[in-house]
1. Only one of (1) part of a loop (DSSP other than H, G, I, E, B); (2) crowded, with 23+ Cβ neighbours inside 10 Å is not met by Val9, so which one is it?
2. Quick one: Gln189 ticks every box in (1) within 17 Å of Leu252 (Cα to Cα); (2) touching a residue at least 40 places away in the same chain (Cβ under 8 Å) bar one, so which box is it?
3. Collect the residues in region 15-41 that are part of a loop (DSSP other than H, G, I, E, B), closer than 25 Å to Arg52 by Cβ and not small (Gly, Ala, Ser), keeping them in residue-number order.
4. Please determine whether any residue of region 259-277 is under 26 Å from Leu76 (Cβ atoms), touching a helix residue (DSSP H, G or I) at 6+ places or on another chain (Cβ under 9 Å) and either at pLDDT below 95 or not assigned by TED's automatic domain parsing to the domain that holds Arg164 (or both).
5. Is it the case that some residue within region 92-103 is modelled with pLDDT under 95 and surrounded by fewer than 20 Cβ atoms within 10 Å (Cβ to Cβ)?
6. Return the residue satisfying two criteria in turn: it lies in region 292-336 and is in contact with a helix residue (DSSP H, G or I) (Cβ under 8 Å, 6 or more places away or on another chain) and among the basic types (Lys, Arg), and of such residues it is farthest from Glu149 (Cα to Cα).
7. Might you let me know whether region 61-68 holds any residue that is surrounded by 18 or more Cβ atoms within 10 Å (Cβ to Cβ) and in contact (Cβ under 8 Å) with a residue 12 or more places away in the chain?
8. Being over 12 Å from Val332 (Cα atoms) and touching a His at 6+ places or on another chain (Cβ under 6 Å) is the filter here; which residues of region 129-158 pass it?
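The values are calculated or read from the model by the stated rules, or taken from the named source; none is laboratory data. Values in this document were obtained by computation on a predicted structure and should not be read as measured data. Cβ coordinates were reconstructed from backbone atoms using ideal geometry, including for glycine residues, and neighbour counts include every protein chain displayed.
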Amino acid sequence: MPTHTMRAVRLHEHGGPEVLRYDEAPIPEPGPGEVLVRVHAVGVNPPDWYLRDGMSNLPVEVRPKFSLPAIPGTDLSGVVEAVAADVDGFSVGDEVFGLLRFPGFDGSTYAEYVAAPASDLALKPAGIDHVHAAGAPMSGLTAWQFLIEVGHDHPSGFQAAQHRPVPLDARKTVLINGAAGGVGHFALQLAKWKGARVIAVASGAHELFLRELGADEFIDYTKSRPEELVHDVDLVLDAVGGPDSKRFLRTLKRGGSQFPVFFGEFDEEENAKLGVTVTGTTVRSNGAQLAELAHLLDAGAVRVAIDSTFALADARAAHERAARGHIQGKIVLTVA
């Protein structure tokens, strides 16, 4: 193992994909509760480009402060190289995957080596490779914490109420908007695992893919408006969210719930009049939940779809791919 430096992608300034610089950085030392991971693959997620562009999507007064240079990234799959003295459960040579230090922006996974909190990691499923494992943590845990078990008691920054998943079974119908993306394709599979009937909303190019994942019904949003076609569903998981999310309230039955992954503007009085609940959460790192997801990945009950892969040195091209949208599954960086 190199003794001093590694290759990493760093930000020396905020901006577009062109500010991602492939350069030398010190190899981190694992602190208490941490392991050093030799990274094999890195999942690319929206927080990576939020950090890159300086959080321009947030009002200036609430933007987190960052010191530059910074290494983006939260998702990884790799091999344990060293273990802090106080860490149990992991050994040198273990293959692991994880979502690091989220919600936060110091995961620093766009690198050859990462010091990772052991509590954020799980053993990589033996049945999948590092590329597919790296695509799972943030998107898989987001779907898990919205649909299955929150696993923490931190309220969302957008609401005072604690998020409560809806128990899913064969009597429930779930509509998933943005079903082909990272969170959406996991949510579809987890809802099917629980036995629910799933209506998938995406562009027509993704229909075959989503039906193969188990979608019972497909709506091409470029040709039809789901809120005009669908009624009396029990749950909407809107993986797109934002200002237009409110329109899906019309698809719910009384007593139904809508879970926007990216909160839009909702009127509590209107929700009460419709008899529906709107609630959400912010995904948090959780190695124990990831271990549960790993069992499903190993058994083939859930799979990770890969949109595209890029070498770590080509992180700029990966971000350019993300900016074009219409992603099917996950974008992953590979580390030589």
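1. It fails just one condition, (1).
2. Result: Gln189 passes all but (1).
3. Filtering region 15-41 down to residues part of a loop (DSSP other than H, G, I, E, B) leaves 15-16, 27-33.
Then keep just the ones that are closer than 25 Å to Arg52 by Cβ; that gives 15-16, 27-28.
Correct list: Ile27, Pro28.
4. There is at least one residue in region 259-277 that is under 26 Å from Leu76 (Cβ atoms), touching a helix residue (DSSP H, G or I) at 6+ places or on another chain (Cβ under 9 Å) and either at pLDDT below 95 or not assigned by TED's automatic domain parsing to the domain that holds Arg164 (or both).
5. yes
6. Checked region 292-336; the qualifying residue farthest from Glu149 (Cα to Cα) is Arg316.
7. Scanning region 61-68 turns up no residue that is surrounded by 18 or more Cβ atoms within 10 Å (Cβ to Cβ) and in contact (Cβ under 8 Å) with a residue 12 or more places away in the chain.
8. Across region 129-158, the qualifying residue is only Val150.
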